[in-house]
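Accompanying notes for the structure given below.
Bear in mind these aren't lab numbers, they're just calculated from the coordinates by the rules spelled out. Note that the structure is a prediction, hence the values are computed from the model and not measured. Using ideal geometry, Cβ is built from the backbone for each residue, glycine included, and neighbour counts are taken over all protein chains shown.
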């Protein structure tokens, strides 16, 4: 315990922890709607596109976070237009983002050869420990804004994520909300790339949500629980990576995956136990056909 | 002024006309069933009325306003066809019903007392007051259907549109549906519903419009059940048991 505390005496660790917590809080707030909309991989798609954005930053000498933000937002607008106005199916558009993003990133980095592809690696896998204070504040403010926006818009966002056709008949601004959801995803991807890296960013969008939904009954509890889980997973990941001196992004994601596997297994076991337990009780609500062969011989039923 | 008025409504999917030149008028306080075999275009007609299927020709007016310019959607309660697939993220019955109030709320503002009261009243009306905080995934098919009906009621509709609300539901849900339709019609609401079978609804309906191959082949008295189903004491305890008779009325399948 003393070891942990002493580590946080270093300023770079405080910066790492603040940015990881901000990302852990805001990513599941957006991710819960993406999971509901069955767009869980969109974060990965935008992560790949973001690579092109980083390379544009190298090429133009601009700050990679801002060029990435601009590129991913532009990509999310194009993605939404493709999805709503053409026959291109969601997964084809997603596949194009995966190939195009990586290829664009490597190609443009090749042109800006003085930076080198090796420099791309800190954005691919995250490099929390090298972030400066101004960068940390951008992450914290961006993350807080996204989380707040999603909390306030939860009923509307969940309506369009659950049943878009109903939302349209209910008179909700479906197109605008869809676009807003993709744009906030783009913001999350851009601010999280320092923490978990572009290739792993989708994990923080999805894992906390699918972990808590094993045990929740309401959308609200899933969203709030997911944000809490994201906070815990990101915090634990940074501490664990500092203690063991390993990359924080990978540690955060591995802790998340472990949490999911444990809770999914536990939930499956609980369901199984309940089912076997119920089998010994009167078969209320069970299909009648199952009980007929045994029930028939007894007279009067 | 009719609540719904379609003139020569035609809807095509991929060049093939599914609904051909349908004229339909529904007045306030009127309950109309759209009936017909599978593929007769009845669901498509209703989707066109609510703007989910584009018109190839003709015109649709809602409350006297051309449907393309109609913006006052909170006057319309819509019950979509229930899809069997469970949703990804859990949601309680109250949360789903609360979606029906979003048209009344300014975006970004919290629910007011009136919104919460409408949600509770709607759940009560379909007999699910005790299930408000249950996850929708754990409810039966009939109960899920009633949640969707409650969501449409929560908006205090002047027009209630239901797409196949009777498919695969239990007797309790059929009875709840018939009661809801009767209550709403008494309150002056117009009801348009798509169905294969009328069941307990028969006496609550003013008219039935029967489609075949996208055209109206009957517009008037709802078809009466025949045989033992004509007996007023006959209880439709098995929701699927009278399907054959109603289908036979339109020439099979």
For the stretch A:100-180, take every pair of Cα atoms, bin their distances at 5 Å starting from 0, and report each bin as a whole percent. 3, 12, 14, 11, 11, 13, 13, 11, 8, 4, 1
In whole Å, what are the Cα extents of the protein assembly as shown along the three principal axes, biggest one first? 84, 63, 43
Gyration tensor (alpha-carbon) shape descriptor, the stretch A:16-67, a/c threshold 1.5: oblate
Classify the stretch B:56-173 as rounded, prolate or oblate from the Cα gyration tensor: take a ≥ b ≥ c as the square roots of its eigenvalues, call it rounded if a/c is under 1.5, otherwise prolate when a/b beats b/c and oblate if not. oblate
Modelled label-to-label distance, residue A:141 and residue B:13, 7 Å Cα→beta-carbon offset: nm? 5.1 nm
In angstroms, what radius of gyration and Dmax does chain A have, counting Cα atoms only? 22.7, 89
Place the peptides B:97-105, A:92-100 in order of packing, highest mean first, counting for every residue the other Cβ atoms within 10 Å and averaging per peptide. B:97-105, A:92-100
Starting from the Cα of residue B:106, move 7 Å in the Cα-to-Cβ direction to define the label point; list residues of the stretch B:64-80 whose amide nitrogen is under 11 Å from there. none
Please compute, for peptide A:219-229, the average count of beta-carbon atoms on other protein chains lying within 10 Å of each residue's beta-carbon. 2
Under the rule of -39500 (n - 2.57) per DSSP H run of 4 or more residues, summed and divided by the residues of chain A, what mean residue ellipticity at 222 nm is obtained, to the nearest 500 deg cm²/dmol? -25500 deg cm²/dmol
Mind running the shape call on the stretch B:30-89? Use the C-alpha gyration tensor, a ≥ b ≥ c as the square roots of the eigenvalues: rounded below 1.5 for a/c, prolate if a/b tops b/c, oblate otherwise. oblate
For A:58, B:63, ascending order of other Cβ atoms within 10 Å (fewest first) is B:63, A:58
MRE, 222 nm, helices only [DSSP H, n ≥ 4, -39500 (n - 2.57), over chain B, to nearest 500]: -7500 deg cm²/dmol
Among B:65-75, A:194-204, B:200-210, the order from most to least packed when residues are scored by Cβ within 10 Å on average: A:194-204, B:200-210, B:65-75
Once residue B:68 and residue B:116 are pulled to full extension, the length gained, defined as 0.36 nm per residue separation minus their Cα-Cα distance, is 14.2 nm
Percent relative contact order for the stretch B:1-75, counting Cα pairs under 8 Å at least six residues apart, stands at 40 percent
Estimated inter-spin distance, residue B:1 and residue A:240, nm [label 7 Å along Cα→Cβ]: 6.4 nm
Taking only C-alpha pairs under 8 Å that are 6+ residues apart, what is the relative contact order of the stretch A:2-277 in percent? 32 percent
What is the average number of partner chain Cβ atoms found within 10 Å of a Cβ in A:161-167? 6
Starting from the Cα coordinates of chain B, work out the convex hull volume and express it per residue in Å³. 137 Å³
Averaged over B:102-112, how many beta carbons belonging to a partner chain fall within 10 Å of each residue's beta carbon? 3
From Cα coordinates alone, what are the radius of gyration and Dmax values for the stretch B:79-141 in angstrom? 12.4, 33
Taking Cα atoms only, helix A:174-192 is inclined relative to the longest principal axis of chain A by an angle, in degrees rounded to 10, of 60 degrees
Considering only C-alpha atoms, what is the centroid distance from the stretch B:97-166 to the stretch B:1-74, in Å? 24 Å
Expressed in nm to one decimal, what extension gain is obtained for the pair residue A:257 and residue A:276 from 0.36 nm per residue of sequence separation less their Cα-Cα distance? 4.0 nm
Order by neighbour count: B:42, B:47, fewest other Cβ atoms within 10 Å first, most last. B:47, B:42
Report the gain in length on full extension from residue A:133 to residue A:113: 0.36 nm times residue separation, minus Cα-Cα distance, nm rounded to one decimal. 4.4 nm
Alpha carbon centre of the stretch A:1-75 versus the stretch A:203-245: separation in Å? 15 Å
